[in-house]
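**Student:** After the structure tokens below, expect a handful of questions from me.
The values are calculated or read from the model by the stated rules, or taken from the named source; none is laboratory data. Because the structure is predicted, anything quoted here is derived from the model rather than measured. All Cβ positions, even for glycine, are placed from backbone atoms using ideal geometry, and neighbour counts span all protein chains on display. These area figures cover heavy atoms from the full protein model, side chains too; ligands, DNA and RNA do not enter into them. Shrake-Rupley method; radii C 1.70, N 1.55, O 1.52, S 1.80 Å.
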Amino acid sequence: MKRPQAALVTGAGGALGRATAFRLAADGFGVAVLDHDADPLERTVEQVRKAGSPVLALTTDLRDAAAIAAAVDRTATELGTLRVLVNNAAVYPSRPFLEVPLAEYEEVVAVNQRAYWVAAQAAARHMATTGGGAIVNVASITVHGGWDSLAAYVSTKGAAVAFTRALARELGPQEIRVNCVSPGAFPTAAEEIHENPEVYTRHVLDHQALKRRGRPDELASVVSFLAGPDSTFITGQCVEVNGGWVMS
Ligand SMILES: NC(=O)c1ccc[n+]([C@@H]2O[C@H](COP(=O)([O-])OP(=O)(O)OC[C@H]3O[C@@H](n4cnc5c(N)ncnc54)[C@H](O)[C@@H]3O)[C@@H](O)[C@H]2O)c1
């Protein structure tokens, strides 16, 4: 009997990760949902179950490289053939560059950059021996400039774009596609870094071509496309999902 197909989504306790996990489950994948925060992860599990696919909850700290590799291996062992990895988790402390302590910078790099690397390497080792797969890295509109007090975050998101291109080139021969989505401003916990939500919403709508806020499922559907059978000749690309704020 053919093994089921599995997908792993990091940062799945957050709104964009949750929507992505739900969408991949609806697409038919067994979905492993990973976060270090158990309560929101449990809400994700409840929601993903409604899509009718098997779910595996992985309460894992992405600062721990060995734990990431173990989580990837559990996904492939317990859920099915690992076909999809979505590197979605991120931290985004906001502070003027001159005041950022080194430890804070290092934490941002550990979660937003090093964990993407470790998860991709562990996942690609499975995919390379089982006929290929798709890795989707989540970047950010902020790489285009214009955001203050986020230098560490923005530099890791730039790294996600460059990492995507480097991996796509290297893993193409194994039929592993590597792409990137770059979200604009979605109304999630990430917005709590802005002091005045109404002012920020006005700012967003002034800049977007579409005069409404984006919904998490509108990012998830792009991840689903890049992870699935309708994009089998696309690799090394970064798709901007921002309501027409930045056009490329
Ligand atoms: N929301 C936006 O407007 C926006 C814009 C641009 C990019 N993004 C990107 O989209 C992705 C998802 O963002 P979101 O808005 O859902 O954010 P979020 O903060 O709601 O979700 C991020 C998740 O990552 C988890 N996480 C953080 N550190 C972790 C660690 N050490 N180990 C395990 N899990 C950890 C958090 O617990 C959280 O559940 C991120 O990569 C973010 O940079 C979001």
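**Student:** Determine the pairs where a residue that is aromatic (Phe, Trp, Tyr), located within the range 7-26, has a partner that is in a strand (DSSP E or B) with Cβ atoms under 9 Å apart, the partner being 6 or more residues away or on another chain.
**Tutor:** PHE22/VAL31
**Student:** Next question. Pick out the one residue from LEU226, LEU219 that is within 12 Å of the ligand (Cβ to nearest atom) and touching a strand residue (DSSP E or B) at 6+ places or on another chain (Cβ under 9 Å).
**Tutor:** Testing whether each residue is within 12 Å of the ligand (Cβ to nearest atom) and touching a strand residue (DSSP E or B) at 6+ places or on another chain (Cβ under 9 Å) leaves just LEU219.
**Student:** Tell me, which residue of the range 152-165 that is open to solvent by 20 Å² or more (accessible area, probe 1.4 Å) and within 11 Å of the ligand (Cβ to nearest atom) is nearest to PHE233 (Cα to Cα)?
**Tutor:** VAL154
**Student:** Has the range 197-217 got at least one residue that is open to solvent by 40 Å² or more (accessible area, probe 1.4 Å) and under 26 Å from ARG165 (Cα atoms)?
**Tutor:** Yes, the range 197-217 has at least one match.
**Student:** Kindly provide the set of residues from the range 218-248 that are loosely packed, with under 14 Cβ neighbours inside 10 Å and among the aliphatic types (A, V, I, L, M), ordered by number.
**Tutor:** MET247
**Student:** Here's a follow-up. Going through ALA110, ALA70 one at a time, which residue ends up being open to solvent by less than 30 Å² (accessible area, probe 1.4 Å) and not hydroxyl-bearing (Ser, Thr, Tyr)?
**Tutor:** Going through ALA110, ALA70 in turn, the sole match is ALA110.
**Student:** Mind counting the residues in the range 101-142 that are within 16 Å of the chain's Cα centre (by Cα) and not hydrophobic (A, V, I, L, M, F, W, C)?
**Tutor:** Of the residues in that region, 9 qualify.
**Student:** Given the criteria of a type in the set (Asp, Glu), at positive phi and either in contact with a Cys (Cβ under 7 Å, 6 or more places away or on another chain) or without any contact (Cβ under 8 Å) to a residue 60 or more places away in the chain (or both), does GLU170 qualify?
**Tutor:** no
**Student:** A further question follows. One residue is enough: does the range 34-48 have a residue meeting the conditions aliphatic (A, V, I, L, M) and not in a helix (DSSP H, G or I)?
**Tutor:** yes
**Student:** Tell me, yes or no, whether the range 44-59 has at least one residue that is within 10 Å of the ligand (Cβ to nearest atom), open to solvent by 60 Å² or more (accessible area, probe 1.4 Å) and polar (S, T, N, Q).
**Tutor:** yes
**Student:** Only residues that are part of a helix (DSSP H, G or I) and either open to solvent by less than 10 Å² (accessible area, probe 1.4 Å) or within 12 Å of the ligand (Cβ to nearest atom) (or both): list them for the range 125-151, please.
**Tutor:** MET127, ILE141, THR142, VAL143, HIS144, listed by residue number.
**Student:** Consider ALA168 against the criteria (1) of a type in the set (A, V, I, L, M, F, W, C); (2) buried (at least 16 other Cβ atoms within 10 Å of the Cβ); (3) within 24 Å of ALA19 (Cβ to Cβ); (4) touching a Gly at 6+ places or on another chain (Cβ under 8 Å): it satisfies all of them except one. Which criterion is unmet?
**Tutor:** Every condition holds for ALA168 apart from (3).
**Student:** Take the residues in the range 1-30 that are more than 9 Å from the ligand (Cβ to nearest atom), more than 18 Å from GLY214 (Cβ to Cβ) and of a type outside the set (A, V, I, L, M, F, W, C), then tell me which one is surrounded by the most Cβ atoms within 10 Å (Cβ to Cβ).
**Tutor:** Looking at the filtered set, the residue picked out is GLY30.
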